[in-house]
Amino acid sequence: MKVLTVLLTLAIAVVFIGSAMAVPPGKTVEYPGGDAGKVVFDGKFHTDKGLKCIECHTKIFPMKKGTITFKMADINEGKFCGVCHNGTKSFKASVPENCVKCHKK
């Protein structure tokens, strides 16, 4: 019984760890963006648009920050942010006028 309790506790912890690591309301996650300026991700902005975290995590992005590195070339090829920011589902990331939507100097 003791082993079952420990395993159940661990399982619950694993399930809820994603919520603990998610971007909470009012907070942002910043990534280096080179000469274009840092990239500021606001999870609340995306959820306000009707998206759920699970739509991108873990299908497109891992849950833990810092586990991948990606470049604009990846996004422009339809990877990572480019899965949605392709000009069909959302604004096209490769259009120069759209740079300021993500990059902040």
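Table: residues versus (1) open to solvent by 70 Å² or more (accessible area, probe 1.4 Å); (2) at pLDDT 90 or above.
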residue: Met1; (1), (2): yes, no
residue: Phe16; (1), (2): yes, no
residue: Asp42; (1), (2): no, no
residue: Thr67; (1), (2): yes, no
residue: Asn76; (1), (2): yes, yes
residue: Cys81; (1), (2): no, yes
residue: Gly87; (1), (2): no, yes
residue: Pro96; (1), (2): yes, yes
(message) Scan region 26-38 and tell me whether some residue there is more than 11 Å from the chain's Cα centre (by Cα) and of a type in the set (Asp, Glu).
(response) yes
(request) Quickly run through region 40-69 and pick out the residues that are touching a residue at least 40 places away in the same chain (Cβ under 8 Å), closer than 20 Å to Gly82 by Cβ and either in contact with a His (Cβ under 6 Å, 6 or more places away or on another chain) or not in a strand (DSSP E or B) (or both). (result) Met63, Lys65
(request) Considering each residue of region 29-39, count those that are touching a residue at least 24 places away in the same chain (Cβ under 8 Å) and either outside any strand (DSSP E or B) or hydrophobic (A, V, I, L, M, F, W, C) (or both), and give that number. (result) 5
(request) Report whether or not Ala11 is surrounded by fewer than 11 Cβ atoms within 10 Å (Cβ to Cβ) and either in a loop (DSSP other than H, G, I, E, B) or modelled with pLDDT under 85 (or both). (result) yes
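The values are calculated or read from the model by the stated rules, or taken from the named source; none is laboratory data. A quick note: this is a predicted structure, and the numbers were derived from the prediction, not measured. Ideal geometry is used to build each Cβ from the backbone, glycine not excepted, and the neighbour counts take in all protein chains shown. We work out accessible area using only protein heavy atoms, side chains counted, and drop any ligands, DNA or RNA first. Shrake-Rupley method; radii C 1.70, N 1.55, O 1.52, S 1.80 Å.
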